[in-house]
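So the structure is just underneath, and the comments pick up after that.
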Amino acid sequence: MNIEEIKKSKTNILGKNIIYYKEIGSTQDEAKKLINTKIDNGTIILADSQNKGRGTKENIWYTGSGKNIAMTLIIFPKCNIQMLDGLTKLISECIVNTISELYNYKLTIKYPNDVFLNGKKIAGILTETSTSESKVNHILIGIGFNVNEDNFNTDTVNIATSLKKEYNKEF
């Protein structure tokens with residue numbers, strides 16, 4: 001993962017600031033810690049390895065070292081909470097459309113936040129917001145995507161997959 005190349009991308013907000021960890025418990029938990037530290041809008045917390053990633057219903061999302069995407073995007077929007085209706089669904093659709101356009105692979109969504117490939121989960125989205133008086137203080141958008149994972153534990157081997165596992169090649 002070449003963080004310097006990512007940082008050179010032409011962007012005004014999203015990903016302008018990237019905080020990278022070789023290993024972390026959870027990018028979402030780290031983002032929560034950084035919220036009150038004058039962190040830049042659009043900061044991305046990115047990790048090669050995550051061992052306590054959180055999904056919905058407190059499910060754990062494991063990320064093998066250097067094989068997958070584990071990230072949280074921190075946004076400080078200036079909007080009313082009603083504008084966030086359907087945000088998680090929209091992010092899921094963006095992931096599906098992007099992979100479809102890049103590789104012509106058919107992904108599906110178990111609404112609102114799970115992305116599937118060939119009937120197995122390949123990605124998950126966790127959005128968390130903080131509000132006051134119907135205004136949004138911040139949004140944390142966590143994304144876990146199994147890209148090159150080839151080692152699934154006994155609990156997930158039959159329900160999870162990766163691009164590598166499905167297409168027998170590195171991405």
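The values are calculated or read from the model by the stated rules, or taken from the named source; none is laboratory data. What you see is a predicted model; the values in this text were computed from it and never measured. Note: ideal-geometry Cβ built from the backbone for every residue, glycine included; neighbour counts use all protein chains shown.
For the reader, a short list of remarks on this structure follows.
- Exclusive hit being at pLDDT 95 or above, in contact with a helix residue (DSSP H, G or I) (Cβ under 9 Å, 6 or more places away or on another chain) and among the hydrophobic types (A, V, I, L, M, F, W, C), set PHE145, PHE152: PHE145
- Unmet requirement for GLU133, which otherwise passes all of (1) over 18 Å from PRO112 (Cα atoms); (2) touching a helix residue (DSSP H, G or I) at 6+ places or on another chain (Cβ under 9 Å); (3) surrounded by fewer than 17 Cβ atoms within 10 Å (Cβ to Cβ): (2)
- Residue among ILE95, ILE125, ILE99, ILE74 that is touching a Pro at 6+ places or on another chain (Cβ under 9 Å), surrounded by 12 or more Cβ atoms within 10 Å (Cβ to Cβ) and under 23 Å from ALA47 (Cα atoms): ILE125
- Listed conditions (1) loosely packed, with under 15 Cβ neighbours inside 10 Å; (2) charged (D, E, K, R); (3) closer than 25 Å to LYS8 by Cα are all met by LYS67, apart from (1).
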